[in-house]
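The values are calculated or read from the model by the stated rules, or taken from the named source; none is laboratory data. In this text the structure is predicted, and so the values were computed from the model without any measurement. All Cβ positions, even for glycine, are placed from backbone atoms using ideal geometry, and neighbour counts span all protein chains on display. Ligands, DNA and RNA are stripped out before the accessible areas are found, and what is left, the full protein with its side chains, is counted by its heavy atoms. Shrake-Rupley method; radii C 1.70, N 1.55, O 1.52, S 1.80 Å.
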Amino acid sequence: QVQLVESGGGLVQAGGSLRLSCVLSGKFSRFTAMGWYRQVPGEQRELVATITRGGSINYGDFVKGRFTIAGDNAKKMVALQMNSLEPEDTAVYYCYAILGPDSSDYWGQGTQVTVSS
């Protein structure tokens, strides 16, 4: 059974930093990419950052150089360093992975990030 376990969310003041981590476990035949989405209640889930097994990275437009994603293929882990956080970054952050020959997506439970003004 595939599991994605997130850690590192919490409460921080505007301008502060947080680091999210996600570890992938379980059996799967192919690992294509991992990354993060976020969601505010009542809104669609939006891409934060993604990194492929080969190291290609993509960020959501709102990131503007504030966040950095890093992956460790051997440890099946992805981390998101978030700096210069703004109240607008308040959301539940979900780790995801694209696995298997059919590129199925798997999701973690989510971790709350709250940025106070």
Take the chain, connect every pair of alpha-carbon atoms lying under 10 Å apart with a spring to form a Gaussian network, then pick out the residue of S29, S17, S103 with the largest mean-square fluctuation. S29
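Quick check: residue separation of M77 and F31 times 0.36 nm, minus the Cα distance between them. What number comes out in nm?
Details: separation 46, 0.36 × 46 = 16.56 nm, distance 1.13 nm.
Residue separation times 0.36 nm, minus the Cα-Cα distance, leaves 15.4 nm.
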Dipole magnitude (debye, nearest 20) for the range 19-117, charges at Cβ of Lys, Arg, Asp, Glu: 460
Order Y37, Y94, Y106, most accessible first, counting only protein heavy atoms with a 1.4 angstrom probe. Y106, Y37, Y94
Could I have the simple spin-label model distance between T114 and Q1, label points 7 Å from Cα toward Cβ, reported in nm to one decimal? 3.0
With every protein chain in place, what's the accessible area of M77 (1.4 Å probe, Å², nearest 10)? 60
Want the number for F62 to E86: 0.36 nm per residue separation, take away the alpha-carbon distance, what's left? 7.5 nm
Connecting every pair of Cα atoms under 10 Å apart in the chain and solving the GNM, the largest mean-square fluctuation among G16, G42, G60 falls on G42
When the charge dipole of the chain is computed with +1 on Lys and Arg Cβ and -1 on Asp and Glu Cβ about the Cα centre, the Cα farthest towards its positive end, among Q13, T68, A33, belongs to A33
